[in-house]
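Only one structure is covered here, and it is reproduced in the block below.
The values are calculated or read from the model by the stated rules, or taken from the named source; none is laboratory data. Because the structure is predicted, anything quoted here is derived from the model rather than measured. So basically every Cβ, Gly included, is an ideal-geometry build from the backbone, and we count neighbours across all protein chains shown. These accessible areas exclude ligands, DNA and RNA; they are computed on the full protein's heavy atoms, side chains included. Shrake-Rupley method; radii C 1.70, N 1.55, O 1.52, S 1.80 Å.
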Amino acid sequence: MAKYKTHYEDCDVLVVGGGMAGTGAAFEARHWGRDLKIICVEKANIDRSGAVAQGLYAINCYMGMQWGENQPEDHVRYARNDLMGMVREDLGYDMARHVDSTVHMFDEWGLPMMKNEETGRYLREGKWQIMIHGESYKPIVAEAAKKSADKIYNRIMITHLLMDEDKENRIGGAVGFNMRTGDFHVFRAKTVIVAAGGASHIFKPRAVGEGMGRTWYAPWSNGSAYALPIAVGAKMTQMENRIVLCRFKDGYGPVGAYFLHLKTYTQNANGENYEKKWYDQTKELVGEYIDHHPTPTCLRNHAFIQETMAGGGPIQMVTTEAFQDPHLETVGWENFLGMTVGQAVVWASQNIDPKYTNPELTTSEPYVMGSHATCSGAWVSGPEDLSPPEYFWGYNRMLTVDGLFGAGDTVGGSAHKFSSGSFTEGRLAAKAAVKYIQDQKAEGIKVSDKQCEDFKTKIFKPLETYTVAQNEITGGTVSPSYISPIQGLQRLQRIMDEYVGGIATNYMTNANMLKRGLELLAWLEEDLENVGAEDLHQLMRAWELKHRALTSQCVTEHTMFREETRWPGYYYRGDHMKLDDDNWHCLTVSRRDPNTGKFSLEKVPVYHIVDENEKKKAS
Ligand SMILES: Cc1cc2nc3c(=O)[nH]c(=O)nc-3n(C[C@H](O)[C@H](O)[C@H](O)COP(=O)(O)OP(=O)(O)OC[C@H]3O[C@@H](n4cnc5c(N)ncnc54)[C@H](O)[C@@H]3O)c2cc1C
């Protein structure tokens, strides 16, 4: 390992991941900590990294409080409804009350916002969404982070968090390696904000073979946001709440602008409104939740899945009516050009002109995310003015490890943040992290050279393994003493797909399947000690895989724990097919013991703060 240089950097605030939340964190940390040293470390290059890399066509979370369009309470009710009751309302409210100020800054920084010509307000796509010309969204927020941080490190993958050796359960920094030079980087930090996105490719994707990598979610989001905290014993929440998206088939082009702005609608192959057909059956499963407005996303998926299983597919989006209007036709195409060019290419390759042919829709493989329509992620403290005692331990967005903060997809319990809400949450986390330092909570942190050197040996081991084991290759890539990252990834994806509710079983699982899945995941974990990497790129793949595998264990443990089907359409527990509010109207929280690797799970009350407060005011 001597051949790889070690670099040390000491700082106050370390931001891991420079996506939407990470750039927000770097920006805000500078505002409150003028004299602090702020470092941001990114696996790719922050100008084009994360889920927003390619651009977006809408900012999906904007209240419009200045015009009385929506209030934070409305957003809490909306997210609560969509998640079948299971959200952290303190976190959601806190994000919503600050998100407009974030969007106004984007406007000032030059993000082209569409305006409603009649009212002069931002052009609404839907109740929460405003439309943008967002091809340059990511470079614009990256510039703010670059101007704020002391240094941005691109092309460094963070693989492990460092812990303070003086005080138990306190953070000490992070380590990783540069994927171009192979240099080993140690960041000793007083606080760490993890903002490393969600997890794709843990379930087998629909697109395999030549199409591999074509997923709805960013293929490079590998669950570091979850694996890094899980590995040091931070508590996680709602990890069973994986997301399944209904999108245009094969290209996964977005449907939001189509439904909301173009007013297109779906039908089965016979031109019928299939959602109505499944109303009674869904009511049997979830009771009055099916009567809520808007219909929770998972329940719309449920009707889609049931109709397809009953032979009513392919399900189509009716575009042929809206596309007769030249303005709407332009919006329909521009929507893809701004964020999913690939969908336009897929349609061209399949001879689909949506003006004359209604394109097919599909449901995706599941992903793990905390900022979109689901809320998997870390269990964090809320803000002091809103959070009940179970949800508050001193610093906003601090995990259950002292000095470790999270934002965006990292944070659980608070769905529907999207790009603007994730940036906002990064700001909230950074403000609290600076306060933690100013309150002298980060004094005397000890990180020994030994802790760092041990990680160095561990991180580069896959290169060593390959160097030795390549001599035993019997044919192609087959070797008795190592597995390659792609072999390990495909094995992981099959386990998750077949046992934990992926597409192979139409999202169905049960306790016996989950138990078997956990056994297979444990053996995979053992074998991943022998993953081999032939170069630095494969070394990154090896560590991405290890992070995905740990995330998967946590997802499976949570899915096993929640003995009900809370979100039909995201997954089904065949042994507990009904939603069970009597026993499971609660949040699930897990902790993995870093010494034994064993998970323990508990139920934590879900507090409906918004309407409770209103009831109190009224009485
Ligand atoms: C397909 C898609 C469409 C979407 N459409 C919209 C939309 O129209 N409007 C909207 O408002 N929102 C949209 N969103 C949601 C929005 O993109 C996310 O909410 C937001 O990007 C989450 O921010 P984040 O910082 O948590 O994650 P990201 O923005 O994904 O950033 C995570 C960052 O961490 C880096 N990273 C990961 N692992 C490591 C590691 N180990 N070490 C160092 N760096 C690491 C990544 O490279 C990345 O830069 C969409 C999301 C997706 C996936």
In the range 67-92, residues that are open to solvent by 10 Å² or more (accessible area, probe 1.4 Å) and either under 27 Å from GLY120 (Cα atoms) or not in a helix (DSSP H, G or I) (or both) total 7
Those strands (runs of 3 or more DSSP E) completely within the range 209-322 that have 3 or more residues that are under 19 Å from the mean Cα position of the chain (by Cα) and away from the ligand (no atom under 16 Å from the Cβ) are none
Test: ASN169 is more than 12 Å from the ligand (Cβ to nearest atom), of a type outside the set (A, V, I, L, M), modelled with pLDDT of 95 or more and surrounded by fewer than 23 Cβ atoms within 10 Å (Cβ to Cβ):
yes
Note: among ARG541, ARG591, just one is open to solvent by 50 Å² or more (accessible area, probe 1.4 Å) and without any contact (Cβ under 8 Å) to a residue 60 or more places away in the chain, namely ARG541
Checked pairs for the range 502-521, first of a type in the set (S, T, N, Q), second outside any helix (DSSP H, G or I) and open to solvent by 60 Å² or more (accessible area, probe 1.4 Å), C-beta under 6 Å and 6 or more apart or across chains, list as ASN510/ASP575
Given (1) aromatic (Phe, Trp, Tyr); (2) without any contact (Cβ under 8 Å) to a residue 60 or more places away in the chain; (3) on the phi > 0 side of the Ramachandran plot, TYR279 misses just (3)
Of the residues in the range 150-179, those that are assigned to a loop (DSSP other than H, G, I, E, B) and either touching a His at 6+ places or on another chain (Cβ under 9 Å) or of a type in the set (Asp, Glu) (or both) number 6
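For every residue, the table says whether it meets (1) modelled with pLDDT of 95 or more; (2) open to solvent by less than 10 Å² (accessible area, probe 1.4 Å); (3) part of a strand (DSSP E or B).
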{"residue": "THR374", "(1), (2), (3)": "yes, yes, no"}
{"residue": "GLU384", "(1), (2), (3)": "yes, no, no"}
{"residue": "TRP393", "(1), (2), (3)": "yes, no, no"}
{"residue": "PHE405", "(1), (2), (3)": "yes, yes, yes"}
From the option list GLY50, GLY64, single residue qualifying as open to solvent by less than 40 Å² (accessible area, probe 1.4 Å), touching a helix residue (DSSP H, G or I) at 6+ places or on another chain (Cβ under 9 Å), at pLDDT 95 or above and within 6 Å of the ligand (Cβ to nearest atom) is GLY50
Log entry, pairs with first residue in the range 339-362 being in contact (Cβ under 8 Å) with a residue 12 or more places away in the chain and assigned to a helix (DSSP H, G or I), second being open to solvent by 30 Å² or more (accessible area, probe 1.4 Å) and not hydrophobic (A, V, I, L, M, F, W, C), beta carbons closer than 7 Å, six or more apart or on different chains, reads MET339/GLN54; VAL346/ASP250
Over the range 180-194, the set of residues open to solvent by less than 10 Å² (accessible area, probe 1.4 Å) and assigned to a loop (DSSP other than H, G, I, E, B) is GLY182
